[in-house]
1. When Rg is the radius of gyration of the Cα atoms in the stretch 358-482 and Rh is its Kirkwood radius, what does Rg/Rh come to?
2. Taking only the alpha-carbon positions of the stretch 229-268 and ignoring solvent, what does the Debye formula give for the base-10 log of I(q)/I(0) at q = 0.17, 0.27, 0.31 Å⁻¹?
3. Provide the gained length on full extension for the span Arg380 to Glu24, in nm with one decimal, where the gain is 0.36 nm per separating residue minus the Cα-Cα distance.
4. Antiparallel DSSP bridges in the chain: what percent, to the nearest 5?
5. Determine the shape class of the stretch 58-120: with a ≥ b ≥ c the square roots of the Cα gyration tensor eigenvalues, call it rounded for a/c under 1.5, and otherwise prolate if a/b is greater than b/c, oblate otherwise.
6. Quick one: which residues, 5 or more positions from Gly123 or on another chain, have an amide H under 5 Å from its amide H? H modelled 1.01 Å from N in the peptide plane, none for Pro or chain starts.
7. Would you mind ranking Glu137, Glu24 by Cβ crowding within 10 Å, fewest neighbours first?
8. What percentage of all Cα-Cα pairs in the stretch 94-170 are separated by more than 16 Å?
Amino acid sequence: MTGREQGIAALASAVASGRASAVEQVRTAVNAIRQLDFGPDGLNAFIAYDVESAVAAAEAVDAAVAAGRGGGRLAGVPVAVKDNICTLDLPTTCGSRILEGYRSPYEATAVRRLREAGAIVVGKTNLDEFAMGSSTENSAFGPTRNPHDPSRVPGGSSGGSAAAVAAGIVPAALGSETGGSVRQPAAFCGVVGIKPSYGRVSRYGLVAFASSLDQIGTFGRTVADAALLLEVIAGADPWDSTSADRPVPALTAELDRGVEGLVVGVPREYFPPELDPRIATLCREAVERLRAAGAEIREISLPHTRYAIPTYYLIAPAEASSNLARYDGVRYGMRAPGATSTVEVYEATRSLGFGPEVKRRIMLGTFALSAGYHDEYYGRAQRVRRLITQDFRRVFDDGVDVIFTPTTPSVAFRLGEKVDDPYQMYLADIFTVTANLASLPAISVPIGRVDGLPAGGQLIADRWDEATMVRAAAALERALAE
Ligand code: GLN
């Protein structure tokens, strides 16, 4: 960063040096929740918060600072955590009736690392049930509203985290990504959202949705903030065998490097007729800014992009149908009353506990995996997934450093607009699911507004190259601010 620190790094320095207090930060965040989250037009971004445990954690940070023990890189920074990530001091519901009031006996590694760095978890944020959705309307606890316009959705499934950051309740938050659930709401809410490479962040304590795709991601108001949060949570973890044993790049050291000499690929398949032309215009302007900042712009092709939605919506439900088999009324969360036999317990609990979208996914996924159809559906989707991955491989091998695309085909839509049309809802993920299918890191950055509503631009980098992704994103952010 040029000159002095800003954002959460500056806040943490102030707390760590005793110029600001962690308790004060937490009280401000909690007051903001109380002011903004409730009532008919309230955001409903939070499912739970607990003032006492947050204040106690903040007091511990302030005490450590006073005792000369320092405070950590995120000292006193209030954060919100998506409610499919396990925490010890608050329930973990996944936005589902079936886990209402459920308390995890352990904490996610990502959350533990945030706390060890001095961050304070102030609350758990709303989401589409089990992270299935693109609007946060599939939550059993009511929809979240977009802070830019309460009649609109914040995107999803991490809509609560995106809205909480956009409204200024917390400066940063955790979300999760299976197919765009951090980047799409980041775009709709006008904040920055990062989906790391598959394997970059431990998923220990992230409730499983589709295990070959799931990753924890970060939200911030700026690239620097989202990158710092990622740097803190990233890295190998003995509790998650899918976390990669690779050194974590110093992402925050990339922020000022600029894009001079970088090759930015712009894939023609990401500018289809369905894309709002006003977002296309903002994208073209963003690309011109990158060019002016010294990047070489190259038109590229990712020919299998058109198969991404059907591929994702086979693989994700198939894996979900298997992962969600564990909610049987015996081991976790609620059990439906009145059932007498084991089968009745399963049936009644799952009928009562799951909402319509989760049931739809379980049915789709169970069908796709059933005897005789497994190869026809799941097997074929896996083969197409490989083709999508190879598209990216070819482009990066040809010397492209980072790919620029729109994040979403439209700006935030109205609450209720797509709930009855799952296919239209699935199309909201058209530009984001590819990075998940190909295990690549990707970021969404605000690139301007359409009718007062934020639009996002996406940068996708090669696997493990979060450094170049952050470098280009920070340069874009600066160029757009000029
Ligand atoms: N909208 C996508 C879905 O409904 C993405 C979900 C996610 O990334 N968790 O599956």
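Every number in this text was worked out from the coordinates using simple rules, so none of it is lab data. Since the structure is predicted, the reported quantities are computational estimates derived from the model, not experimental observations. Positions of Cβ are generated from backbone atoms using ideal geometry, with glycine treated the same way; all protein chains shown enter the neighbour counts.
1. 1.05
2. Result of the Debye calculation: -0.69, -0.92, -1.05.
3. Extra length available between Arg380 and Glu24 comes to 122.7 nm.
4. About 70 percent, rounded to the nearest 5.
5. prolate
6. Placed amide hydrogens put Val81 under 5 Å from Gly123.
7. So the ranking, lowest neighbour count to highest, is Glu24, Glu137.
8. 55
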